[in-house]
1. Take the residues in segment 533-544 that are open to solvent by less than 10 Å² (accessible area, probe 1.4 Å) and of a type outside the set (A, V, I, L, M); name whichever of them is farthest from Ala128 (Cα to Cα).
2. Is one or more of the residues making up segment 501-517 of a type in the set (A, V, I, L, M, F, W, C) and under 25 Å from Asp433 (Cβ atoms)?
3. Under 6 Å by Cβ, and 6 or more places apart or on different chains, what pairs join a residue from segment 216-240 that is under 30 Å from Ser594 (Cβ atoms) with one that is open to solvent by less than 10 Å² (accessible area, probe 1.4 Å) and in a helix (DSSP H, G or I)?
4. Which of the residues belonging to segment 613-626 are among the aliphatic types (A, V, I, L, M) and open to solvent by 50 Å² or more (accessible area, probe 1.4 Å)?
5. Residues Gly437, Gly412, Gly395, Gly422: which one is under 28 Å from Gly158 (Cβ atoms) and loosely packed, with under 15 Cβ neighbours inside 10 Å?
6. Out of segment 700-715, which residues are of a type outside the set (A, V, I, L, M) and either under 25 Å from the mean Cα position of the chain (by Cα) or in a strand (DSSP E or B) (or both)?
7. Filter segment 44-79 for residues that are surrounded by fewer than 19 Cβ atoms within 10 Å (Cβ to Cβ), in contact with a helix residue (DSSP H, G or I) (Cβ under 6 Å, 6 or more places away or on another chain) and in a helix (DSSP H, G or I) and give the result.
8. Name the single residue, out of those in segment 348-391 being hydrophobic (A, V, I, L, M, F, W, C) and exposed (fewer than 14 other Cβ atoms within 10 Å of the Cβ), that is nearest to Thr526 (Cα to Cα).
Amino acid sequence: MTDRMRRLLLGTALSLSLAAPLATTALAAEAARPWMDTKLSPDQRADLLNKELTLDERIGLVHGPMAMPFLGAKLPEGAIGSAGYIPGVPRLGIPALQESDASLGVANPMNVRPGDPSTALPSGLSLASTWNPETAYKGGAMIGKEAHAKGLNVLLAGGVNLARDPRNGRNFEYLGEDPLLAGTLGGESIRGIQDQNVVSTIKHFAVNDQETQRMTIDVKIGEAAARESDLLAFQIAIEKGKPGSVMCAYNKVNGAYACDNPFLLNKVLKTDWAYPGWVMSDWGAVHGVEAAVNGLDQESGEQIDALLAPGGAGKVWFNEPLKAAIQDKTVPAERLSDMTRRILRSMFAAGLFDNPAAKAPIDFDAHAQVTKAAGTEGIVLLKNKGDVLPLATKGKTITVIGGFANAGVLSGGGSSQVVSDGGPGASIPLGGDGMMGPFRTVVYHASSPLKAIRAKAGEKAVRFNDGSYPAEAAAVAKTTNVAIVFATQWMSEGADAPDLSLPNGQDALIAAVAAANPNTIVVLETGGPVHMPWLDKVAGVVEAWYPGSRGGEAIADILFGDANPSGRLPITFPADDSQLLHKDIPGADKPEFSPAEITYTEGADIGYRRYAKTGAKPLFPFGYGLSYSHFSYGDVKVTGGDTLTVSFEVTNTGKRPGQDVPQVYLTNAAGTKTQRLIGWSKVALAPGEKKRVTVTADTRLLGSFDEAAHAWQVKAGEYQVAVGASATDLDLKGGAAVKASTRQP
C-alpha cells in the first residue's frame, strides 16, 4: 500500500468518526421532536407537539398584546413590532406569532418599525372590480412574500364582509355585495398569502357590516338569511383559501358577541364547516373567560380588552382568569388543549415550523408591477360620452384639477393603512375623538397622476389647478381641450360616511368645471359608491377607487388607452338616498360604545338582489363597466341534472383587444322569481376573436337554506338563467330542469 493510499484511508476514517457524532446528534434531536417529521400531516404533528405543553405554556399561546407602543404599553420582548405578538415556546421549538395588519399590504402601525415600507395594493373594492381570481392570488402572494421577508408570519387579511350599506367605512377593505364574488376572490387572496409560509386570517366573522357602534351593535338576522349571504361568503373563502385563523368580529349577532357566540363559532364554523384552524379575537373584542367555552381560541390585543372590560378593567381574560377557570374546572382542560392544538395545526399547515419567516431582501420593483397591474385592472369606466376616452398623447391640451393629483393617490384609513415604499405624497392628520381618533390621518401614496399624465401628454400640454376655488378652476379648464377633475372620498375604519355626497364641496367644483368645458372627465378615488348630481353634464367618469402605491400610473394608462378598462362594479351605486335600506345609520345619534341594534330586514337580498326585488333603478348596477372595445354574447346552452351548466360564446366586436366579464344570473328557481349571480368568466379577446365560456353553478346558489332540515335544499323543477354585462343588462336567456337535492351545511 502506498503512502498516498494510507493517507486517503486515514482521512476517510477520520471524517467518518467526526460525522458519526453529528449524525447521532441530528437523529437524537429528530427523535426528541417527532413533530418535526414533515412526512406527517399537520394534524398528526400538532397532536404530537400539543401533548408536550405545560399548563403555563398553553396559557401563553392563547393570549397576547399589541406589539406597538399604544396605551402606554412597551414593545414586548421578542416582538419585531406589529399589530400583535404571541410568544413562542423555545423549549419545544415553537416560534412566536408575529402578527401584522395586511388587508391591502403589510402595515407598519405608528411607524413601530422605522424605515420599513411595504407595497400597497389597491383597495378591496378595486380588487373585487377585477373579477379576476388570478389577480387576487397574485396580490395575496405579494403581500405574503413581503411579510415573510420582514419576519412576520401571521397576516390579519382576508376581509370578506359584505357591503350591506354603501356608507360603511370599511367597505373599501372588502369585496363587494355578492357572496360568490367576495368568497372566490377572498379565498384566492388568502391562498396566495399562505403559499408563502405565512398564516392568513379571514375576517371579521360575522355580519360586521357597519362601523358605527361596531363594538356594541347587535345585528339581528335569521339563520337562513345569514347562511345565504354573509356566512356563505366566509364559507366559500374558507373552502378555497383554507385560512389558518378566523378573526371574529366586535359586534353582537342575535344577542351574543361574535367572539363569544357559540352558534357562530362552535356550531357553524367548527361543527358544520369542520374548520380545523383557530379563532382569534379582534383587538378588544373579548368580554370574559366564558368566550373560550363558546368557541374563541385566542385573545388578541389584550391591552384593549383590559381597558374596555366593563367591571373588569385590568383583566387579560385568557391569562390568569382562564388559568384559574381551568384549575377549578369551570373551563374544561380539554377545551384549552383544543385551543392550542388548533393554533399549532395551522402553524404546521402554513409552514411556520419548516420555513420560518426571516429578514430577507424585497424586490419592490417587481412588486410595484403587481400592484400597478391590479390597480389598472380594477379601474371601472362608468361613462364615455362621444368616446372622449382614451385621450390622445399629442395635439390636445389638458387641465388637471383637484384631488391632490399633484401629490399622489388616496388610500383608506385605519388598520389597513400601508406605509408604501414610495413614501407618502401627502399626509393630513385629522385627529378626532373616539377609539380611532389617533389613527385618523389621510394618506396619499406618492404616485402622482399629474406626473403620469404629463409623462404621456407632455409638460407643456398639461396645466394644474388644486381645485380650491371652483370659479378659478373653471376658468383654467376653459382654456384647454380637456379637463380632468380628480374627486376624492376618504373612508376609514371606525367611522361610516354620513352620506354619499363628495365631501368638501367637490360636487360644486365638478359642476363648475363641466359648465366651462364640455370635455370634462371625472376620476373618482372613493371608498365606495357616491352620488353624481353632475353626471349628465360631464363627458367621462372613471372609478379608480383607492388604486394602490402605483395608482397614478395605472390611472394614466387607462386615460390614454395604454390599458383597456376591464373593471366591473362589485357594488351597486344608488341613484339617491331613497334607495338606501336605512335612512339613518343605526346608532349614529349616540356616543361611541352606546348600545345599538340593527335588523337586516333585507335578509339575503343584498345589493342588486334587493334592487331586482323592488324594481328600483340604480345609478350604476352591480357588474357594470365599459370598455374601449365592444363585446357580444350568443349561442347559449343550458344543461341541468344535478346542477346547472351554462355555456355561451363571447365575441370581441370592437377594434381593440380587451377583457370582458360576462356574468350568469339565476332568474327563476323552480317557479320562484329571483336574481343571484351563479358564475362569471374574465375573458381576454383580440378584435374579432370568439371564445366559448362555461359556468357550472354551486348548488348552494340554486337552492336555499332550510333551517328545519338544517341543510341546503334544491327543489326539483325548471331553472332559468340570464347572461349579460351587468345585473340589469341580461339579454341572453335559457333554462333547464334540475333534480332535487340536499347538501349538508
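The values are calculated or read from the model by the stated rules, or taken from the named source; none is laboratory data. Please read all numbers here as calculations on a predicted model, not as lab measurements. Cβ sites come from the backbone with ideal geometry, for glycine too, and all protein chains shown count toward neighbours. Protein only, heavy atoms only, side chains kept; ligands, DNA and RNA dropped before computing areas. Shrake-Rupley method; radii C 1.70, N 1.55, O 1.52, S 1.80 Å.
1. The extreme case among them is Trp534.
2. yes
3. From residues that are under 30 Å from Ser594 (Cβ atoms), the pairs are Ala233/Ala182; Ala233/Gly183.
4. Restricting attention to segment 613-626, the residues satisfying the condition of being among the aliphatic types (A, V, I, L, M) are 616, 619, 626.
Result: Leu626, single match.
5. Numbers: Gly412 fails: loosely packed, with under 15 Cβ neighbours inside 10 Å; Gly395 fails: under 28 Å from Gly158 (Cβ atoms); Gly422 fails: loosely packed, with under 15 Cβ neighbours inside 10 Å.
Testing whether each residue is under 28 Å from Gly158 (Cβ atoms) and loosely packed, with under 15 Cβ neighbours inside 10 Å leaves just Gly437.
6. Arg700, Ser704, Phe705, Asp706, Trp712, Gln713
7. Listed by number, the list holds a single entry, Leu48.
8. As a first pass, look at segment 348-391 and keep what is hydrophobic (A, V, I, L, M, F, W, C): 348-350, 352-353, 357-358, 360, 362, 364, 366, 368, 370, 373-374, 379-382, 388-389, 391.
Of the ones still in play, those that are also exposed (fewer than 14 other Cβ atoms within 10 Å of the Cβ) are 358, 360, 366.
On the way: Ala358: 36, Ala360: 35, Ala366: 26 Å.
It comes out as Ala366.
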